[in-house]
Amino acid sequence: MLPVRYFHVVFTIPEFLKPLFYLNQRECYGMLFAASALAVKKAASNPTFLGVDGGCLSVLHTWGQALNYHPHIHMLIPAGGLDPDQMEWVAANKKFFVPVKALSKIFRGVFMEKLFQALGADLLRIPEKHKGMYAAPELLKKEAYSKMWHVYIKKTFKGANQAVGYLGRYTHRVAISNSRILAFGDGTVKFRWKDYRDGKSKTMELPGAEFTRRFMQHILPSGFYKIRYYGIMSSANSKTKMDDCFRLLNVARFISFYQGLSTYEILEEILGRDLFMCGDCGTGRMVYGLAGEKGRDP
């Protein structure tokens, strides 16, 4: 992570798209990732706003507090980027570098372009009750462009440590933690949730089957990556543009202490003990083999 401030931005989708997303999770989540990242890239590179080659780290969440289906992207964006010649780091001012309404419109345009491409290639299953709309491009455009695509600017992180702290808390969350489940029994589950409309904490009780259905909505497709890096933060630029950023910021790039170590050596460093040392005598070393092997001592 670059040692700079980070903007925290959330990209959401209009309600009418949610049935399509649920039927085509891998494809639609991929479009959501790509469209939100490209929207930020377009905004950052626009000389009217910042005029830089920027980047972002994106995290997919699919749930709301009541376990409702609510796909959205949490994005961490460095407050700056490389100038067009890659000779200078250009820092953004305290406010986000593009008006949120402008970013929302860019995001909407990019996503709809990708959606029409996917529809034209017959890559998506269409919800039965919406087949008429998706079969008529003008109707779909009217529905999409009459809606506000909400993009939220959250609290800015002052540095990489705060950003990493956020990642540690939120990237590997599931739809609901055990601490929010208050009671279960007699075929129902009661849990705590926050209603963001009034900011109050409330309780909800659902039949067990409905609770399970809501929870199951948030299991991602097999092998799907919910954390992705784009622009200067992408793996393709890890050894090039990111190195330039650290150099221009006059900061030594962090090299992992564990780089070059084997899995066994890493575990030994983390746990502080030799995993193969005999637990009884403290001097001999254990050798692992398959149970039932002949001709070898355990």
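Per-structure values
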{"item": "Between segment 137-208 and segment 10-34, the Cα center-to-center distance that results, in Å", "result": "16"}
{"item": "Solvent-free Debye scattering, log10 I(q)/I(0), computed from the Cα coordinates of segment 48-149 at q = 0.17, 0.25 Å⁻¹", "result": "-1.01, -1.36"}
{"item": "Compactness of segment 176-216 as Cα Rg over 2.2 N^0.38 Å, two decimals", "result": "1.18"}
{"item": "Sites excluded, GluC sites (Glu not before Pro) in DSSP loops with at most 16 other C-beta within 10 Å, longest stretch of the chain", "result": "89-292"}
{"item": "Cα shape, segment 113-193, gyration tensor, a/c 1.5 rule", "result": "oblate"}
{"item": "Pairs from 147/241; 42/141; 114/155; 42/94; 131/194; 105/194 whose Cα-Cα separation, in the structure shown, is over 27 Å", "result": "147/241; 114/155; 131/194; 105/194"}
{"item": "Residue (of 145, 64, 276) at the positive-pole extreme of the chain, dipole from beta-carbon charges", "result": "145"}
{"item": "In Hz, Karplus ³J(HN,Hα) per residue of segment 204-221 (6.51, -1.76, 1.60; θ = phi - 60°; x = Gly, Pro)", "result": "9, 10, 10, x, x, 5, 5, 4, 5, 4, 5, 5, 5, 4, 9, 7, 6, x"}
{"item": "Formal net charge of residues neighbouring residue 126 (Cβ-Cβ distance under 15 Å; K, R +1; D, E -1)", "result": "0"}
{"item": "Total formal charge among the other residues, if their Cβ is under 13 angstrom from that of residue 51, Lys/Arg +1 and Asp/Glu -1", "result": "-2"}
{"item": "Value at 222 nm in deg cm²/dmol, rounded to 500, when DSSP H runs of n ≥ 4 in the chain each add -39,500 (n - 2.57)", "result": "-10000 deg cm²/dmol"}
{"item": "Vicinal HN-Hα couplings computed from phi for segment 127-133 (Karplus, 6.51 cos²θ - 1.76 cosθ + 1.60; Hz; Gly/Pro x)", "result": "x, 3, 6, 10, 4, x, 5"}
{"item": "³J(HN,Hα) computed for each position of segment 93-110 - Karplus, 6.51 cos²θ - 1.76 cosθ + 1.60, integer Hz, glycine/proline x", "result": "6, 4, 7, 4, 6, 9, x, 4, 5, 5, 5, 4, 5, 4, 4, 4, x, 5"}
{"item": "The chain: Rg to Rh, with Rh as the Kirkwood radius over Cα pairs", "result": "1.06"}
{"item": "Residues of segment 1-28 with amide N under 15 Å of the 7 Å Cα→Cβ point at residue 129", "result": "15-23"}
{"item": "Cα-centre dipole for the chain with unit charges at Cβ (Lys and Arg positive, Asp and Glu negative), debye to 20", "result": "1160"}
{"item": "Nitroxide proxy distance, nm - points 7 Å out along Cα→Cβ at residue 117 and residue 213", "result": "3.6"}
{"item": "Gyration tensor (alpha-carbon) shape descriptor, segment 110-268, a/c threshold 1.5", "result": "oblate"}
{"item": "log10 of Debye I(q)/I(0), alpha-carbon scatterers only, for segment 1-65 at 0.23 Å⁻¹", "result": "-1.06"}
{"item": "Neighbour cut-off at most 12 other Cβ (10 Å), DSSP loop, trypsin sites (Lys or Arg not before Pro), segment 169-237", "result": "173, 197"}
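Just so you know, all these numbers are worked out from the coordinates, no wet-lab data involved. Just so it is clear, the structure is predicted and the values come from calculations on it, not from any experiment. Virtual Cβ from ideal backbone geometry, glycine too; neighbours counted across all protein chains shown.
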